[in-house]
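Single-structure report; data block below.
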Amino acid sequence: MLNELENYFRNIILVEKRYLKYYINWIKIALDYSNKELGDFLTKEDVRNYFKKVSLKEEWRIKQAEFSFKKYNLFINYNLKTDEEYSWAEIVHKLKDSIRLKNFSHSTEKTYLSWIDRFSKFLDLKIPKDVTKKDLELFLTYLATKKNVSPSTQNQAMNAILYLYKNILGMEFKDISAIRAKENKSIPVVLSQKEVRRLIKNTEVEYQLIISLIYGTGLRLTEALSLRVKDIDIERETVTVYFGKGGKSRILPFPENLKQEFIDHLKKIEKIYLKDREKNILGVELPYFLEKKYKNVAKEWNWFWIFPSKTLAVDNKTGVVRRSHIYPTTIQRVIKKALIKSKINKKVSVHTLRHSYATHLLEAGYDIKMIQELLGHANLQTTMIYTHVAKMNILNVKSPLDTL
């Protein structure tokens with residue numbers, strides 16, 4: 001069984017060969033402490049007792065151990081169940097591989113896996129190959145009528161399930177008929193340019209660049225955090241977004257006002273990069289196909305994060321210790337603090353900066369189709385929402401009260 005376990009970690013979990021022994025060692029020690037043998041489950045109590053007996057100070061070691069135990073139990077579960085019983089878990093593994101080969105974002109992967117999990121539970125774990133179009137329609141109707149999800153959320157669920165059946169099981173469901181979720185025609189919250197200036201000024205200094213960049217380019221938060229050194233060309237003043245939402249790439253103008261600040265920022269992060277190389281830290285995460293094909297590219301400066309995290313962490317996909325980019329929750333907290341300091345009484349999130357970017361471009365007279373391209377919207381109707389926000393300023397409409 002040991003060979004099978006090692007193959008599982010190497011080929012399914014995608015742990016690098018040189019780190020494999022550490023994961024297997026965590027499992028062996030935990031089994032030994034629990035008086036169990038390879039092939040037995042590690043219960044929550046076993047894990048709790050293990051951590052009580054073994055003092056682990058470094059957070060990354062704790063996470064690595066927890067990761068090992070969780071994947072070990074999945075492996076045991078896989079081997080105990082019949083193919084028919086385990087079919088949902090099996091196709092989920094295949095779905096992960098398919099998503100990563102197509103270089104979908106980590107958030108898309110999480111979202112798709114979450115919907116497949118919810119769908120399987122809705123069907124009481126009915127065998128995947130026995131699922132019908134009617135089952136999908138009932139699930140989508142349930143989301144709209146019982147869960148009151150938005151149209152975009154309902155479409156997200158449908159896309160995840162259709163992707164699974166088409167790409168993993170080779171089945172296509174066409175002409176889906178379900179009760180559609182009600183359209184929410186809310187108008188996005190937008191900041192004035194004075195409010196944006198105030199918000200940036202009240203942001204912690206170390207995060208001002210990323211907040212300015214998001215407003216100055218209209219990037220989504222995940223797109224901004226995923227930027228690499230190679231993605232910003234100072235000489236040409238461009239920012240290239242690779243594999244944005246929907247897998248689309250686009251080129252944006254880099255704000256001239258940020259040029260010097262960005263050059264200074266590069267010098268700071270290069271010091272972090274060089275320290276990582278000195279300590280022989282594993283390189284940054286790469287798109288799946290590149291990481292498998294080119295082993296050392298992850299350690300190259302060009303691929304280093306523009307906004308690296310301060311500390312190392314365990315990679316969610318592989319379980320290895322490496323440096324990630326700043327986490328989205330960090331930026332969300334930063335915005336929340338800056339908002340309070342700025343005394344802006346609006347419901348503002350990081351995404352509000354993107355809304356403000358689009359609205360301010362529209363008010364400046366830029367063509368709606370150009371703005372669509374800059375935002376990376378697949379549908380012009382998505383971009384048209386900003387006309388409702390900017391229209392009054394464009395037409396220079398004044399209240400009749402002002403002319404009394």
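The values are calculated or read from the model by the stated rules, or taken from the named source; none is laboratory data. Small disclaimer: the values here were computed from a predicted structure and weren't measured. For neighbour counting, all protein chains shown are included, and Cβ atoms are generated from backbone atoms with ideal geometry for every residue, glycine included.
At-a-glance table
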read-out: Residue selected from region 142-156 under the condition in a helix (DSSP H, G or I) and touching a Ser or Thr at 6+ places or on another chain (Cβ under 9 Å), by the criterion surrounded by the most Cβ atoms within 10 Å (Cβ to Cβ); value: LEU143
read-out: Test for LEU213: is it part of a loop (DSSP other than H, G, I, E, B) and buried (at least 21 other Cβ atoms within 10 Å of the Cβ); value: no
read-out: Selected residue (criterion: surrounded by the most Cβ atoms within 10 Å (Cβ to Cβ)) from residues of region 96-106 that are in a helix (DSSP H, G or I) and modelled with pLDDT under 80; value: ARG100
read-out: Restricting region 348-372 to residues that are charged (D, E, K, R) and over 18 Å from SER186 (Cα atoms), the residue that is surrounded by the most Cβ atoms within 10 Å (Cβ to Cβ); value: GLU363
read-out: For LEU136: the one exception among (1) at pLDDT 85 or above; (2) in a loop (DSSP other than H, G, I, E, B); (3) aliphatic (A, V, I, L, M); (4) outside the structural domain of TYR19 (by TED's automatic domain parsing); value: (2)
read-out: Per-region count, region 224-242, residues of a type outside the set (A, V, I, L, M, F, W, C) and touching a helix residue (DSSP H, G or I) at 6+ places or on another chain (Cβ under 8 Å); value: 5
read-out: Of residues in region 177-210 being outside any helix (DSSP H, G or I) and under 19 Å from HIS360 (Cβ atoms), the one modelled with the highest pLDDT; value: THR203
read-out: Count - residues of region 237-276 that are over 17 Å from ILE214 (Cβ atoms) and in contact with a Gly (Cβ under 9 Å, 6 or more places away or on another chain); value: 4
read-out: Failed item, numbered, when ASP124 is tested on (1) at pLDDT below 85; (2) assigned to a helix (DSSP H, G or I); (3) of a type in the set (Asp, Glu); value: (2)
read-out: Selected residue (only one of LEU258, LEU219, LEU225 is modelled with pLDDT of 95 or more, touching a Pro at 6+ places or on another chain (Cβ under 7 Å) and assigned by TED's automatic domain parsing to the domain that holds LEU374); value: LEU225
read-out: Looking only at region 171-200, and only at residues there that are among the β-branched types (Val, Ile, Thr) and surrounded by 12 or more Cβ atoms within 10 Å (Cβ to Cβ), the one that is nearest to ALA144 (Cα to Cα); value: ILE179
read-out: Unmet criterion (only one of (1) surrounded by 15 or more Cβ atoms within 10 Å (Cβ to Cβ); (2) on the phi < 0 side of the Ramachandran plot; (3) of a type outside the set (Val, Ile, Thr)) for GLY218; value: (2)
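Yes/no per residue for (1) in contact with a Phe, Trp or Tyr (Cβ under 8 Å, 6 or more places away or on another chain); (2) over 26 Å from VAL314 (Cα atoms):
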{"position": "THR217", "(1), (2)": "yes, yes"}
{"position": "GLY247", "(1), (2)": "yes, no"}
{"position": "LEU252", "(1), (2)": "no, yes"}
{"position": "LYS259", "(1), (2)": "no, yes"}
